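*Asks:* Sharing a structure here in structure tokens format.
The values are calculated or read from the model by the stated rules, or taken from the named source; none is laboratory data. Worth saying up front: this structure is predicted, and the values here are computed from it rather than measured. Heads up, the Cβs are rebuilt from the backbone with ideal geometry, glycines too, and the neighbour counts pull from every protein chain shown. These accessible areas exclude ligands, DNA and RNA; they are computed on the full protein's heavy atoms, side chains included. Shrake-Rupley method; radii C 1.70, N 1.55, O 1.52, S 1.80 Å.
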Amino acid sequence: MNVEEFRKYGKEVIDYICEYGSNIEERDVAPTLDPGYLKKLLPADAPQSAESFKDVLEDFEQKIMPGVVHWNHPKFFAYFPSGNSFPSVLGDMLSSAIGSIGFSWASCPAAAELETIVMNWYAKALGLPKAFVSDAPGSTGGGALQGSASECVLVSLITARARAISELKGQTSVHDSVFLPNLIAYASREAHSSVEKATKMALVKLRIIDADERGRMRVDLLQQAIQNDVNAGLTPFFVVATVGTTGGCAFDDISEIGKVCRQVSSIWLHVDGAYAGNSFILPEMRVFSAGLEYADSFNTNPNKLLLTNFDASALWVRDVMTLKSALNVNPLYLRHEHMNGVDYRHYGIPLSRRFRALKLWFVFRTYGVQGLQEYIRNHMVLAKKFEMLVRKDERFEVRNDVHLGLVCFRMRTGDEPNHLLLAQINHSGKMHMTPAVFNGRYVIRFCVTYEQATEKDILDAWSQIKGFAEEILRDAQLEISSAPATPETERTSSEPVAVTGKPPIKKILTRTKSLRFSFTRSISREQFQSQSEHLMDGCTPILVVDPKTIQQSFQQAAEDNQNNNITKLKDISDVDTDEASN
Ligand code: PLP
């Protein structure tokens, strides 16, 4: 492609992107397709001779777009936001155009230096402790961009492991691996699965600590577990606290966790704020960042809540030298005459690094800190609105504390009708949501994600959700009647509860008629079990046709309520890496 063709098609692509964004609501938010759809549409081999770019673009619209989930759709309420914006896309375009591979200062001085500057802007905008800000007086810390939060967790864990092994080893020449069986890491059962993955990769034990009813790590259990492990001769070396858990956006108490970690010198405290860490840009959210001064490392994804498109994850450490010495290799072919400049290859796993700081720099400059604050506040207001709507309807309940953009809700029935509700929602193509288990219960996650989300988006979504729920309850002939409140139904919101005056409701379900469901796609339980990896992602609407199970589920729910049965949580579950749960 020559420059003139690039100019022509480049403009066409920009026009396409503008049209796409402006008319996105005309598209279904997520497709209803079966795996393998694209294989049927594309040839098995790459073309031998060049094809016209026009044909490529046409095929993009005809064949690729139908298989796209539109993460920037106003009715995309799944996962966490994908953090996209025009300034970020433009910054990324320039990064792609420059195409530099900035692993060292010498390989792209601007990339190295901008990354340092932007990471310091970002740290200060979030109000992080000065120890993480590389240009703060006396600081030994600093930050670097990584490809994902999972990478941030892994890099932190590897650094912590290296530090702990070095302390255990002292001056001996014993091989590092000898100490691995001694090392033990800790995370709450609500922590992201990337922690488990990191411990698997690093061949160390992970102890899962139970969470309280609000999804926060139980600090008393952490303390007890650490003490027991020390007594048993193990070396606690890594604790992960989460601010904004994936399942319910719960905030661990990092102050209290930090105090416990300080009692054992071998412990490295990592705080994972992949989504919610960005909210510390709001002074009113910093109540949840109190205690970060105890952390050895902290990560957050601007590609989740800071309008920066994937990939962009920020990792800060209090002691850059410890990080670098864990990851440092220095072959001759990478040395250069300015080794006193920052070489980000020592801050992470890959050697090659994209010029990611550019898009973040574009975002900070075009929105300003205030613009970013307004964006997040809008999400918070809209999530509160949705929470209020759900709480007002006695057939539903909200299960999490809504502090940011995530509301975890469910019908006050057994799980099966809620599976059906999510299937209906996603099958409609008009909204997209994902499931989670929060505090032992199946919930539907409703997360505000769209950059320009409005109250109308929320009201429309709620009205459709209610419509589907009514259909399910009617078809299943479920009645929800009043009964004394359980501690669960009494859980308070951080906003005034909207149902004041009404008797607290409790579900006593009666099934009076055979079940009837109208779905376009239904499968047997056997099929469901054999394909569950594909089906349980919340994207594929399905009905598992098994009335017996559904009936059992209703009965179970009724019994649970009658017994006022709150799931008893295991205090601590001790898992080796190969036993840990997802
Ligand atoms: N940590 C938390 C709290 C998350 O919510 C997620 C993903 O949603 C991750 C880590 C993993 O993020 P990534 O996909 O960037 O690895």
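*Asks:* Let a ≥ b ≥ c be the square roots of the eigenvalues of the Cα gyration tensor of the range 244-316; is it rounded (a/c under 1.5), or, if not, prolate (a/b larger than b/c) or oblate?
*Replies:* It is prolate, given that a/c is not under 1.5 and a/b is the larger ratio.
*Asks:* Any chance you could list the semi-axes, whole Å, largest first, of the equivalent ellipsoid that the Cα gyration tensor gives for the range 100-188, using √(5λ)?
*Replies:* After diagonalising the Cα gyration tensor, the semi-axes are 30, 17, 14 Å.
*Asks:* Could I ask something else about it? Report Cys18's accessible area, 1.4 Å probe, all protein chains in place, as a number in Å² to the nearest 10.
*Replies:* 60 Å²
*Asks:* Suppose we look only past 23 Å in the calculated P(r) of the range 1-153. What percent of the Cα-Cα pairs does that tail hold?
*Replies:* When all Cα pairs of the range 1-153 are counted, 60 percent exceed 23 Å.
*Asks:* At 1.4 Å probe radius, can you tell me the per residue accessible area of the range 71-151 in Å²?
*Replies:* 37 Å²
*Asks:* Measure of size requested: the Rg and Dmax of the range 311-408, with Cα atoms as the atom set and Å as the unit; please supply both.
*Replies:* Cα only, the range 311-408: 21.7, 69 Å (Rg, Dmax).
*Asks:* OK, next. Projecting each Cα onto the charge dipole of the range 167-230 (Lys/Arg +1, Asp/Glu -1 at the beta carbon, about the Cα centre), which of Ala185, Thr199, Asn228 comes out farthest on the positive side?
*Replies:* Thr199
*Asks:* Can you give the accessible area per residue of the range 415-457, in Å², using a 1.4 Å probe?
*Replies:* In whole numbers, the range 415-457 has 28 Å² accessible per residue.
*Asks:* Further question on the same structure: Can you tell me how much longer the chain between Glu470 and Gln62 gets when fully stretched, taken as 0.36 nm per residue apart minus their C-alpha distance, in nm with one decimal?
*Replies:* 143.3 nm
*Asks:* Sticking with this one: Past 27 Å, Cα to Cα, is the threshold; run Lys8/Lys40; Lys8/Lys430; Lys200/Lys430; Lys39/Lys359; Lys385/Lys466; Lys304/Lys456 against it and keep the listed order.
*Replies:* With Cα atoms farther than 27 Å apart: Lys8/Lys40; Lys8/Lys430; Lys200/Lys430; Lys39/Lys359.
*Asks:* Now for a different question. Given a cut-off of under 8 Å on Cα pairs at least six residues apart, what relative contact order in percent is computed for the range 295-419?
*Replies:* Relative contact order here is 15 percent.
*Asks:* Still on this model: Sort 234-247, 411-424 by the packing proxy (mean of other Cβ within 10 Å over each peptide's residues), most packed first.
*Replies:* Listed from highest to lowest mean packing, they are 234-247, 411-424.
*Asks:* Additional query: For the range 154-243, what is the accessible area per residue in Å², given a 1.4 Å probe and the full set of protein chains?
*Replies:* Result: 40 Å² per residue.
*Asks:* How large a share of the accessible area of the range 314-366, in percent, is made up of carbon and sulfur atoms when the probe is 1.4 Å and the other protein chains stay in place?
*Replies:* Here carbon and sulfur together make up 56 percent of the probe-accessible area.
*Asks:* Moving on. Can you tell me how the range 59-137 classifies by the Cα gyration tensor, rounded, prolate or oblate, using a/c under 1.5 as the rounded cut?
*Replies:* Verdict is oblate for the range 59-137.
*Asks:* Another question, then. Can you tell me how the range 149-240 classifies by the Cα gyration tensor, rounded, prolate or oblate, using a/c under 1.5 as the rounded cut?
*Replies:* Oblate, since a/c reaches 1.5 and b/c is not below a/b.
*Asks:* Same structure again: Place the peptides 88-95, 39-46 in order of packing, highest mean first, counting for every residue the other Cβ atoms within 10 Å and averaging per peptide.
*Replies:* 88-95, 39-46
*Asks:* What do you get for GluC sites (Glu not before Pro) in the range 315-415 restricted to DSSP loop and a cutoff of at most 16 other Cβ within 10 Å of the site's Cβ?
*Replies:* Answer in residue order: Glu337.
*Asks:* Which Rg and Dmax, in Å, describe the Cα atoms of the range 11-89?
*Replies:* Cα-based Rg and Dmax for the range 11-89 come out at 14.7, 42 Å.
*Asks:* Sticking with this one: For the range 1-110, what % of the accessible area comes from carbon and sulfur atoms, probe 1.4 Å?
*Replies:* For the range 1-110, the apolar C and S fraction of the accessible surface comes to 61 percent.
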